[in-house]
Amino acid sequence: MFKRPMYGAAIAVLVTLASPMASAAGWVAILKNSPVEDFNDEDLRLYLDAVKQVLYAPASPQPLEWQNTASGASGTLLVVGHPQLKNQGECRQVRITVHSRKRQGGPSLFTACRQADAGWMLIGTN
């Protein structure tokens, strides 16, 4: 389960990624039952910085890798598609794989679309 300060930090950062009108529930849901639950504050900061970098980068053809050697946490993010969704702005489908010292994670996909306020809203997960 999330440590209280880390969980609050996750919600705060993920809300900044999403449109102010959007619920943060979807962003938090992608963290549940994954190695992210084992992350310390620095791991979470590195992970969320990588998510923001992938979403806000003009182009992301290469995998973005991050690692915290002190804790053993790491991950890879890769934009694997740009779906055209009705009534949505620019969208990105991102494959994420994260690992903690306790758990090896498998790849998961999410789709996020840019909103009018330039934030990103989670549209779906696979």
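Taken together, the values in this text are just the output of simple stated rules run on the coordinates, not laboratory data. Small disclaimer: the values here were computed from a predicted structure and weren't measured. Counting neighbours? That spans all protein chains shown, and the Cβs are built from the backbone with ideal geometry, glycine included.
Selection within the range 110-126: residues that are surrounded by 14 or more Cβ atoms within 10 Å (Cβ to Cβ) and of a type in the set (Gly, Ala, Ser). The member of this set that is farthest from Ser34 (Cα to Cα) is Gly119. Considering the range 58-104 alone, what residues qualify as being closer than 18 Å to Arg45 by Cα and in contact with a His (Cβ under 8 Å, 6 or more places away or on another chain)? Of everything in the range 58-104, those that are closer than 18 Å to Arg45 by Cα and in contact with a His (Cβ under 8 Å, 6 or more places away or on another chain) turn out to be Gly72, Ala73, Ser74, Gly75.
Residues in the range 76-109 that are outside any strand (DSSP E or B) and among the small types (Gly, Ala, Ser) were compared, and the one that is surrounded by the most Cβ atoms within 10 Å (Cβ to Cβ) is Ser100.
When the range 46-57 is filtered for residues that are touching a strand residue (DSSP E or B) at 6+ places or on another chain (Cβ under 9 Å) and part of a helix (DSSP H, G or I), the ones remaining, listed by number, are Leu46, Tyr47, Asp49, Ala50, Val51, Lys52, Gln53, Val54, Leu55, Tyr56.
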